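Student: Take a look at this one; I'll ask things after.
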Amino acid sequence: PGSQLPFDPTKKNIVVLGSGWGSTSFLKNVDTSDYNIIVISPRNFFLFTPLLPSVAVGTLSPRSILQPIRYMTRHKERQVTVIEAEAKSVDPIAKTVTFADETEVQGEVSSTTIHFDYLVYGVGAETQTFGIPGVKEHACFMKEIQDAEKMKRRFMDCVESAGFPGQSPEEVKRLLHMVVVGGGPTGIEVSGELHDFLEDDLKSWYPELSDHIKITLVEALPSVLPMFSKELIKYTESTFKESKIDILTATMVKEIKDKSVVLQMPDKTIQEVPVGMVVWAGGNKARDVSVDLMSKLPDAQKNKRGITVDEHLRMAGTDGTIFALGDCTSSSYAPTAQVASQQGAYLARLFSQIAKRDRLADELAQAKAEGRDTPALQKQVEKAENLRPFHYSHQGSLAYIGSEKAIADLVFFNQKIATGGVATYLFWRSAYISTLFSLRNRVLVANDWLKVKLFGRDLARE
Ligand code: FAD
Ligand code: NAD
């Protein structure tokens, strides 16, 4: 790190917002020799989201799936500035970002504005609650590392309170009823992990309570996992049935209260069901900072789901200096890590192309100024101006469904393969451990898996 080249005022600045899948993949791949890079994110680490539900039940330690962003930037050729702060607003005309330090400890300066030549906008999305009463107050989310830690604490609280002497059978039943809202992959994985926790650990540690634990998955649509093939949906449903996880489809959560959840059943009747814990996995919505940015370009940014971009990921309505990627965009691609990381790698290549194009354009201008005839150089400039568009290559979809089973819709030599079961689970594990960003994370995750196999999950409350 000591030998990194410093910030160079003669080079263009790329400001990168976010340290998630999209921005991290960009940072990993970008050639820093042509640009000054400044990263701004409210968290100074990358979070490996696919394994987040495993943290919520104590299979993995939170630290195992985090990677400090400086671990990566310190290996770049030139110094990358990392600022832990939240972008508050972006001015697409003046090309500035205003950001603030929102942590508990702040210095004398905690808010400032900087200029960018290029902006890589990768702030992700937040959890969609549809304004349903009580969701923010009473449910646990599954998006950030704190969410998984909160869910684990809440679950253990429910179990310990149910074991408190003198609890009535109804109260025990309520405390041990876990409702997961959302039958997308997040809700399915959380339900599967909860079931494993129950089977593998709670049955032996809390034998008097384990029979009363009930997991219910609520989904508003007629089916869970609409993005997976029909046979895998059926396989998931039958696995959940065997695991005694109730799936309520065509059922909508209307309100979440302190000790109950209000459901609209398929026949439109309303039922209030007592619960100990609700996990909310209702999908994505645009962050306020993105809504604010889109509102500054109302003619080009009409899709409320997220930022509209062109085939080079340039934000529509701008002069081509703002690029957006991942969950903050609205496109034909699903909001997945796979898409975001391919977009990050693509943008890194695009910026190398842009640097080359600008270098050649400067050379051509110089040659013309000196009165030299340079048709070959002219051709090179024209070629370099032809920037390649983003192309997504779908590798397949994978999800863990509990009971050491996973489902996978894979693409092999243009053939679609749908597979589910224990072998797919082993594939799921090896696929994720190899996608983890560093050797450090791989060792930590493998070590956690081994620890759970040998000693069970850690039930001590933090
Ligand atoms: P994120 O990864 O969400 O990163 C956004 C970044 O922006 C974060 O660093 C955040 O701190 C930062 N940020 C937020 N606000 C601001 C601000 N105001 N200013 C600056 N920075 C800001 N996808 C898959 O393909 N496979 C999976 O198995 C899978 N499993 C998942 C499991 C779970 C539990 C969840 C929640 C998601 C899963 N996904 C999976 C989806 C995947 O995580 C997202 O699609 C992916 O994270 C999108 O990447 P991103 O970079 O756009 O956003
Ligand atoms: P999602 O949007 O896929 O699913 C949310 C579900 O919640 C929807 O099916 C919706 O109908 C339901 N819902 C919303 N409000 C409801 C209500 N009031 N009552 C009942 N049901 C309600 O969200 P997700 O599962 O968080 O996934 C988000 C993105 O992340 C997706 O693109 C997904 O593919 C990706 N992801 C992928 C994986 C994986 O590949 N293993 C894992 C997690 C997430």
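Quick note: the coordinates plus some simple rules give every number you see, no bench work behind them. Computed from a predicted model, the values in this text were never measured in an experiment. Cβ coordinates were reconstructed from backbone atoms using ideal geometry, including for glycine residues, and neighbour counts include every protein chain displayed.
Student: Test VAL90 against the criterion of being in a strand (DSSP E or B) and closer than 30 Å to HIS212 by Cα, and give yes or no.
Tutor: The answer is no for VAL90.
Student: How many of the residues making up the range 73-109 are more than 26 Å from the chain's Cα centre (by Cα), exposed (fewer than 15 other Cβ atoms within 10 Å of the Cβ) and within 21 Å of ARG287 (Cα to Cα)?
Tutor: 1
Quick grid of which residues meet (1) farther than 16 Å from LEU217 by Cα; (2) among the hydrophobic types (A, V, I, L, M, F, W, C):
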{"site": "VAL159", "(1), (2)": "yes, yes"}
{"site": "GLY163", "(1), (2)": "yes, no"}
{"site": "PRO169", "(1), (2)": "yes, no"}
{"site": "LYS173", "(1), (2)": "yes, no"}
{"site": "LEU176", "(1), (2)": "no, yes"}
{"site": "VAL179", "(1), (2)": "no, yes"}
{"site": "VAL190", "(1), (2)": "no, yes"}
{"site": "LEU194", "(1), (2)": "no, yes"}
{"site": "GLU199", "(1), (2)": "yes, no"}
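Student: Can you pull out every residue in the range 146-188 that is assigned to a helix (DSSP H, G or I), touching a helix residue (DSSP H, G or I) at 6+ places or on another chain (Cβ under 8 Å) and within 15 Å of ligand 2 (Cβ to nearest atom)?
Tutor: Hits for the range 146-188 are ASP147, ALA148, MET151, THR186, ILE188.
Student: Here is a follow-up. Is one or more of the residues making up the range 24-34 more than 21 Å from the chain's Cα centre (by Cα), assigned to a strand (DSSP E or B) and touching a residue at least 24 places away in the same chain (Cβ under 8 Å)?
Tutor: No - not one qualifying residue is present in the range 24-34.
Student: Just to be sure before I move on: is GLU86 touching a Lys or Arg at 6+ places or on another chain (Cβ under 7 Å), within 24 Å of SER330 (Cβ to Cβ) and not polar (S, T, N, Q) in the structure I sent?
Tutor: no
Student: Follow-up. Could you say whether any residue in the range 210-226 is surrounded by fewer than 21 Cβ atoms within 10 Å (Cβ to Cβ), within 16 Å of ligand 2 (Cβ to nearest atom), in contact (Cβ under 8 Å) with a residue 60 or more places away in the chain and not in a strand (DSSP E or B)?
Tutor: No, every residue in the range 210-226 fails to be surrounded by fewer than 21 Cβ atoms within 10 Å (Cβ to Cβ), within 16 Å of ligand 2 (Cβ to nearest atom), in contact (Cβ under 8 Å) with a residue 60 or more places away in the chain and not in a strand (DSSP E or B).
Student: Suppose we filter the range 122-145 for residues that are free of Cβ contacts under 8 Å to residues at least 24 places away in the same chain and assigned to a helix (DSSP H, G or I); how many remain?
Tutor: 1
Student: Working only within the range 117-142, note down all residues that are away from ligand 2 (no atom under 14 Å from the Cβ), of a type outside the set (Val, Ile, Thr) and within 15 Å of the chain's Cα centre (by Cα).
Tutor: Across the range 117-142, the qualifying residues are TYR121, GLY122.
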